[in-house]
Amino acid sequence: MGDDKKLESLKKRYGRAVAAPKGPMGHGPGGPGRRRSMAKGTPKNSKATVKRLLSYLAEDKAKMGLAFFCVIVNTAASLAGSYMLRPIINRYIVPADGSRGDAAGLFGALVIMALVYAAGVAANYAQAKVMLTVAQNALQKIRNDLFVKMQTLPVRFYDTNSNGDLMSRFTNDVDTVGQMLSSTLVQLFSGALSIVGTLALMLYTNIYLTIVTLIMVPVMMKAGRAVAKRSQKYFSAQQTSLGAVNGYVEEMITGQKVVKVFCHEETAKEEFRILNRDLRNNQIKAQFFGGIMGPVMGNLSQVNYSLTACIGGLLCVWKNFDVGGLTIFLNFSRQFSRPINEISMQIGNVFSALAGAERVFAVMDQEPEQENDSDAVTLDPMKGHVVLDHVTFGYRPGKVILKDISLYAKPGQKIAFVGSTGAGKTTITNLLNRFYDIQSGSITIDGVDIRHIERNNLRQNIAMVLQDTHLFTGTVRENIRYGRLDATDEEVIQAAKTASAHSFIMRLPQGYDTMLEGDGANLSQGQRQLLNIARAAISKAPVLILDEATSSVDTRTEKHIEHGMDRLMAHRTTFVIAHRLSTVRNADAIMVLEQGEIIERGDHGELLEMKGRYYELYTGLKELD
């Protein structure tokens, strides 16, 4: 595969901007569509994005008003200080009547000028401090809204988007927005104010020289627009490439052990080289067109200054134009060009921020999980009588994963799912939690369709132990208590004993108060899984789902916790997914799935007597043992 095709493939997986989905995408957990990104996005509606950004400043209107008032004071002080040169030169340095200069008067005038400039400096300091506070307040709200929104998004969203790209929206994209809010907005306002004020003073000083300066303005504006048009495209591409690099790095770091086990280092380096080179190319183009604005406008400003000086000198000779007037006008001609240059140079920051803001808002605009039905009920207590009636489901239209699945589980029963990888075992557990909604059929608990049960109530009554362990930064005690926050210390210890985790916890440096970091990096994989089992044990949920719960536990440890697991499942409706068939022999019913269909069902003995698929799986396992 050529580099261009490989780059396109990598950016599809890691760097596409989030767009609102029109329906389930990918194959979901366990299928080939996991972590596939959504459609690429570019800045489409800058006005709407700006308006939305400004809405985050609404609560700080008073501070914004103070900041812009300080900008007005600073600009007025700068213009007044510049204009004071005219009377100083004409009165105290080169008097019009030909007399000698006045040193005492010059000193007094310079003191006044210094005070004027000092007022401008103080106003500029106050403005910078106030705007920094306003910008950080806005960023706090944006990050909070983004995080809160992500808590409402369905599992499908996380199954189809790269974690690294989502993290990039929290960091890089939000930072670019912050830079614009803290400095660019003020600079744009200050620049516009300076242009208007300077133009007014220029007209007041000499209309002929003003015309010369104004002739150069369309040239400068046209050059600025030409550069800005190119900048917008490349700054958007830069943000997308940056998201792709972040997504790839995050995935490679997370899966570094797998990379090394399968000797994937060279391929990873090659793929990163392609993504990194693409980011470099887009950054060079973006920064070049963003940075070239200053030199282009500076050169045009120098041409304007030269023309003004030449014509102004002739006016002094032929039209008795005063030297003080020429001096301040030349200063004004530079001041007139400077805000134009600054505004032009800020265009790159504006486009970068808008591209980042649209990526952030694209996540905020995602459809959240469907709200509870108006007639949704709360089951308290929930007994755990689960029925799946002719359930059909697919993660995307036209691709059916489960086909006409029917089963029931009574309170206290243990139902096991076995079958080949991709048969749909994990999908059933996802449907029980309403991570996805079925296309046809029904799932009921205690006779109530789960679509009519409040989501929080439903999930509070279902405890899960997943194949992929996840521990939060905090103590061992806090991680176990995550299953039920109001649990007492005694209940935490009892849950750990049930999961056979108590003995190894007591050998940790601080026991239950040992701090876990980096997803429990200071524990073995088996120990992390035991804590996850303890977390489920402490929950009072009547329904328990064990998705390869003992896959990371050695055979000896598995035997050791078997009695504890039996106690854990004694009064709960339990669904077990297992590849080790020895762990499901005592199940009340075993469902054998193949290609989304239940092809066999019964207990261990009944299925062995059938000598069907389960018999093949079990005897094959025994031979391997």
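The values are calculated or read from the model by the stated rules, or taken from the named source; none is laboratory data. Just so it is clear, the model here is predicted, and its values are computed rather than measured. Here the Cβ is made from the backbone with ideal geometry for all residues, glycine too, and neighbour counts use every protein chain on show. Remember, those area values only see protein heavy atoms, side chains included, never the ligands or the DNA or RNA. Shrake-Rupley method; radii C 1.70, N 1.55, O 1.52, S 1.80 Å.
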Hey, what do the phi angles of the stretch 268-279 turn into as Karplus ³J(HN,Hα) couplings, whole Hz, using 6.51/-1.76/1.60 and θ = phi - 60°, x for Gly and Pro? 4, 5, 5, 5, 5, 4, 5, 5, 5, 5, 5, 4
Pop a pseudo-label 7 angstrom from the Cα along the beta-carbon direction at both Asp588 and Lys63 and give the gap in nm to one decimal. 5.9
Could you tell me what % of all Cα pairs in the stretch 273-341 have separations over 17 Å? 57
Tell me which lysines have Cα within less than 20 Å of Lys611's Cα, excluding those fewer than 8 residues away on the same chain? Lys622
Work out, step by step, the length gained on full extension between Met610 and Ala122: first 0.36 nm times the residue separation, then minus their alpha carbon distance; give nm to one decimal. 166.8 nm
For the stretch 207-292, what does the accessible surface come to per residue with a 1.4 Å probe? Please give it in Å². 57
Using label points projected 7 Å from each Cα along Cα→Cβ, tell me how many nm separate Glu8 and Glu367, to one decimal. 2.9
Could you calculate the contour length gain from Asn137 to Arg91, that is, 0.36 nm times the residue separation minus the distance between their Cα atoms, to one decimal place in nm? 11.6 nm
Extension gain, Val148 back to Phe472 (0.36 nm per residue minus Cα-Cα distance, nm): 114.8 nm
If I model a spin label as a point 7 Å beyond the Cα along the Cα-Cβ vector, how far apart are those points for Tyr408 and Arg230 in nm? 7.3
Kirkwood-based Rg to Rh ratio, the stretch 57-119, C-alpha trace: 1.27
For the chain, what % of the accessible area comes from carbon and sulfur atoms, probe 1.4 Å? 58
Let me know the longest stretch in the chain that avoids all trypsin sites (Lys or Arg not before Pro) found in a DSSP loop with at most 11 other C-beta atoms within 10 Å. 101-318
Got the relative contact order for the chain handy, in percent, Cα pairs under 8 Å and 6 or more residues apart? 15
Rg [Å, one decimal], Dmax [Å, integer] - the chain, C-alpha atoms: 34.8, 124
Taking only C-alpha pairs under 8 Å that are 6+ residues apart, what is the relative contact order of the stretch 69-142 in percent? 43
Under 27 Å Cα to Cα from Lys11, which lysines show up? Leave out anything in the same chain fewer than 8 places away. Lys22, Lys40, Lys44, Lys149, Lys229, Lys233, Lys257, Lys260, Lys269, Lys285, Lys399
Taking H placed 1.01 Å from N in the peptide plane, check which residues at least 5 places from Phe575 or on another chain put their amide H under 5 Å from its amide H. Ile415, Leu544, Ile545, Leu546
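About the Cα centre of the chain, what is the dipole size in debye to 20, counting +1 per Lys and Arg Cβ and -1 per Asp and Glu Cβ, all else neutral?
Its charge dipole is roughly 2280 debye.
Could you list the chymotrypsin sites (Phe, Trp or Tyr not before Pro) in the stretch 240-283 that lie in coil according to DSSP, counting only those with at most 11 other Cβ atoms within 10 Å of their Cβ?
Those that pass, being in a loop and sparsely packed, are Phe262.
Can you give the FRET efficiency to the nearest 0.05 for Phe170 and Cys316, using r as the Cβ-Cβ distance and R₀ = 60 Å? Can you show the working numbers first?
Numbers: r = 60 Å, r/R0 = 1.00.
The pair Phe170/Cys316 has a calculated efficiency of 0.50.
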Rounded to whole Hz and in sequence order, give me ³J(HN,Hα) for the stretch 203-210 from the Karplus expression 6.51 cos²θ - 1.76 cosθ + 1.60, θ = phi - 60°, writing x for Gly and Pro. 4, 5, 7, 7, 6, 5, 5, 5
